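Below: one structure, written as structure tokens.
Since every read-out is calculated from the coordinates, none of them should be taken as a lab result. Predicted, not measured: the structure shown is a model, and the values here were computed from it. Positions of Cβ are generated from backbone atoms using ideal geometry, with glycine treated the same way; all protein chains shown enter the neighbour counts.
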Amino acid sequence: MAGIALVGDHAPGVCRAGHSDVVKGHNKNMITTFVTGSESVFINGVACVTVDSLGDTDCGHHTKATTGAPTVFIGGKPAHIIGSGGVVIEDGGGEYTVQQVSDSV
């Protein structure tokens with residue numbers, strides 16, 4: 001199984017929600033950092049990220065995990081693993097894909 005993302009892990013993607021240097025609807029490279037996760041499942045004391053977990057981008061927007069493992073569930077939600085994706089919540093959108101996770105996972 002692919003590694004599970006934890007709160008504090010990062011994922012690269014593009015944001016199209018608009019910025020001072022990039023017009024809304026156009027791609028701006030960004031990194032999201034997962035800020036919420038499971039309230040009951042932890043690895044090395046850090047919460048596991050699941051579908052519906054939230055993140056903050058380095059460009060000032062917010063993300064939501066939308067896909068996860070087809071067979072691994074945490075609190076009834078798919079685990080957010082390498083290859084899973086999410087979206088920028090703000091109007092204009094964007095997306096990211098988990099490419100790596102913490103070394104301990």
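Placing unit charges on the Cβ atoms of the charged side chains and taking the dipole of the chain about its Cα centre, the candidate lying farthest along the positive direction among 49, 100, 83 is 83. In this simple spin-label approximation, residue 89 and residue 31 carry label points 7 Å from Cα along the Cα→Cβ vector, and these lie 2.2 nm apart.
For region 1-95, the set of GluC sites (Glu not before Pro) satisfying both a DSSP loop assignment and a count of at most 14 other C-beta atoms within 10 Å is given as 39. Summary value for region 1-55: 36 percent relative contact order, contacts being C-alpha pairs under 8 angstrom separated by 6+ residues. Between 23, 35, 46, the GNM of the chain built on Cα springs shorter than 10 angstrom shows 23 fluctuating the most. From largest to smallest, the equivalent ellipsoid semi-axes obtained for the chain from the alpha-carbon gyration tensor read 25, 12, 11 Å. Between 59, 48, 15, the residue with the greatest mean-square fluctuation in the GNM of the chain (Cα pairs under 10 Å linked by springs) is 59.
How high is the relative contact order of region 26-105? Use alpha-carbon pairs under 8 Å, at least six apart in sequence, and give a whole percent. Can you show the working numbers first?
Numbers: 159 pairs, mean separation 18.8, N = 80.
Relative contact order of region 26-105: 23 percent.
Comparing 84, 38, 20 in a Gaussian network model of the chain (Cα springs below 10 Å), the most mobile by mean-square fluctuation is 20.
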